[in-house]
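Structure first, commentary second.
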Amino acid sequence: MQSLAAQGNKFVGFKQSKRAIESGNATKAFIAEDCAFEMRQSLELLCKKHNVSVEFVPTMQQLGAQCGISVGAAVAVISPDGKI
């Protein structure tokens, strides 16, 4: 996986990512495999409903690092225009 920090427009975290997916402003979601089961399940269903491709990342720490932040992240999405 290429670093998400270098991919430009992205949203990190459950609330921002959920809003981006629901508004049709997400092209791909990255979900940490070790996030809470209920969160992972709801994100997978939401992505399926809105035709957003999903890639799984082994840990929240790895996903956070890929996003250029110093804490873990359950989810991050790439947005074509950076708006929610």
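Remarks
- Taking amide H positions as modeled 1.01 Å from N, with prolines and chain starts lacking one, the residues under 5 Å from K28 and 5 or more places away or on another chain are I78.
- Close amide H contacts of K10 (hydrogens built in the peptide plane, cut-off under 5 Å, sequence separation of 5 or more or a different chain): S79.
- Listed options for Rg/Rh (Cα atoms, Kirkwood Rh) are (i) 1.02; (ii) 0.92; (iii) 1.25. The value calculated from this structure is the one marked (ii).
- Hz values of 3J(HN,Hα) by residue in segment 20-25 - Karplus curve (6.51, -1.76, 1.60), Gly and Pro given as x: 5, 5, 5, 8, x, 10
- The DSSP beta bridges internal to the chain are antiparallel in roughly 60% of cases.
A short reminder: the numbers here are calculations on the coordinates, not readings from a lab. Remember, predicted model here, so these are calculated numbers, not experimental data.
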